[in-house]
Amino acid sequence: MDTNVIEIKNNVFWVGSVDYDLRHFHGHTFSTPNGTTYNSYLILDEYPTLVDGVFGPFTDEWIGKIKSKIEISKIKNLIVNHIEPDHSRSLPELIKINPSLKIFGTEKCKSGLKKMYGLSNLNFQVVKTGDEINIGQKSLKFVEATMIHWPDSMFTYCPEEKLLLPNDAFGQHLATKERFDEEVETRKLEHEAQEYYANILWPFSGLIKNKIAEIENLGWEIDMIAPSHGLIWKNPGKAFELYKKWTEGVTKNKVMIAYETMWGATEIMANKFAEGIKAVGVEVKVMDVNKDGKTKIVTEMLEAKGFMFGSSTHDNGALPNFSGFLHFVKGLRPTNRIGMAFGSFGWGAVGSGEIEKYMSEAGIAKVMDAMNINFSPDEEELKKCFEIGKEFGERVKS
Ligand code: FEO
């Protein structure tokens, strides 16, 4: 059992858990080959305060870490920034040990916590944006963060320590022994943050953009962001810079070609399009939904201006796994992107039609007609794929 406790600020301790074994998150929507962490923070002051919990299987470990610093019965306050089970499933046990704990959270947090765990008689104080509590030498301020990414979400800020505790925001699914951004390679951290943003927070980009502006307008001095997943940012400027880029939908001249193939013809088309795209100097990535997985594809899509989606026709539409991928993309609601569908077929070219329908529902602008090829591409058709790749690349540049 891990007993590691780290002081991240003066009398503010990381008491979280590192989950090296987690391979899927949010059902199977997010592949997590690098695991994750559930970060919880203990603030020792006149009124000792915990911020957020950990996932259920780590409850005993978490309580042990807290007890290494203070008796559970002496903790006065529990801040619940977010009730999703990865952060809250350990809370009923804590509340059972210390039923007089005063809990702070949003109205939705209060009702959700009660319903999720069948808890009654909670000593709960609802807080709103602008509310503040004093815990001794330090104070805590709250900002509601509705739909970033659940209705109950909120951020907590400690002005004395210039510390922002935004729960899921700025997080990464990354299990490591390191705790701070400066301890890992910058590119790796940025990639993990991008993967988390693309797969979880992308649909809420407008709200996040406004929330960042709101925090900037509050004039809060922040020299550390301690999210509830992954590494802690000692360089909050970098975290804000990345989030501003993603929330504003900044893209590069890059095409993401995602496909699923039955007998290889759609894959051949994908690679030939890529040759054409490269020929006009545009970056391109070709990925197979089954081999590479939607988590990695969506991460690449976050910075790509153009999407080419292809599937062989199967029954009355695209291949089933590709339909699932398209359904996921629709939920991400990407903005300012252009797209084109393609695929092979045997006796009815309907796969690309389903792709176009999903692209339309996702808000991806169709800029070129779908390309369908019967059975296998011949030499002429391969030349056409190359030319279409060039044309799509030019449209990405324009
Ligand atoms: Fe990390 Fe929305 O839970």
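FYI, it's all coordinate maths here, none of it is from the lab. Every value quoted in this text rests on a predicted model; they were computed, and no experiment measured them. Cβ: placed from backbone, ideal geometry, glycine included. Neighbour counts: every protein chain shown.
Ranking LEU22, LEU326, LEU207 by how far each Cα lies toward the positive end of the dipole of the chain (charges on Cβ) leaves LEU207 at the top.
Tell me the angle of helix 265-279 to the major Cα principal axis of the chain, expressed in degrees between 0 and 90 and rounded to the nearest ten. Here the helix axis deviates by roughly 90 degrees. Looking at segment 306-398, the DSSP beta bridges with both ends there are about 15 percent antiparallel.
Think of segment 297-389 as a dipole: +1 on every Lys or Arg Cβ, -1 on every Asp or Glu Cβ, centred on the Cα centre; then among PHE345, ALA370, GLY306, GLY306 lies furthest on the positive end. Charge dipole of segment 143-229 (Cα centre as origin; +1 on each Lys and Arg Cβ, -1 on each Asp and Glu Cβ, all else neutral): 260 debye, rounded to the nearest 20. Cα centroids of segment 1-66 and segment 137-169: 17 Å apart. Each of GLU300, GLU178, GLU391 was scored by other Cβ atoms within 10 Å of its Cβ. Arranged with the fewest first, they read GLU178, GLU391, GLU300. Database remark: amide H of MET371 closer than 5 angstrom to the amide H of ALA341, PHE342, GLY343 (H placed geometrically; neighbours at sequence offset of 5 or more, or on other chains; Pro and chain starts carry no H). Of all aspartates and glutamates in the structure, those lying under 16 Å Cα to Cα from LYS209, and not within fewer than 8 positions of it along the same chain, are GLU144, ASP168, GLU241, GLU248.
Taking other C-beta atoms within 10 Å as the exposure proxy, VAL5, VAL12 rank VAL5, VAL12 from fewest upward. Charges were assigned to the Cβ only: +1 to each Lys and Arg, -1 to each Asp and Glu. The resulting dipole of segment 48-106 about its Cα centre is roughly 320 debye.
Once you charge only the Cβ atoms, +1 for Lys and Arg and -1 for Asp and Glu, what is the size of the charge dipole of the chain about its Cα centre, to the nearest 20 debye?
Details: 47 positive and 55 negative charges, 135 e Å.
It works out to roughly 640 debye.
What's the angle, to the nearest 10 degrees (0 to 90), between helix 236-247's Cα axis and the longest principal axis of the chain? It is inclined by approximately 40 degrees. Helix 379-397 axis versus longest C-alpha principal axis of the chain: approximately 40°, rounded to the nearest ten.
Judged by the mean number of other Cβ atoms found within 10 Å, the most tightly packed of the peptides 371-384, 153-166 leads the ranking 153-166, 371-384. Going from the residue with the fewest nearby Cβ atoms within 10 Å to the one with the most, MET340, MET224, MET301 rank MET224, MET301, MET340.
What residue among ALA213, ALA258, ALA169 shows peak mean-square fluctuation when the chain is described by a Gaussian network model with Cα springs under 10 Å? Of the options given, ALA213 has the highest mean-square fluctuation. Applying the Karplus relation 6.51 cos²θ - 1.76 cosθ + 1.60 with θ = phi - 60° to segment 78-85 yields 3J(HN,Hα) values of 10, 9, 10, 6, 6, 9, 4, x Hz, where x marks Gly and Pro.
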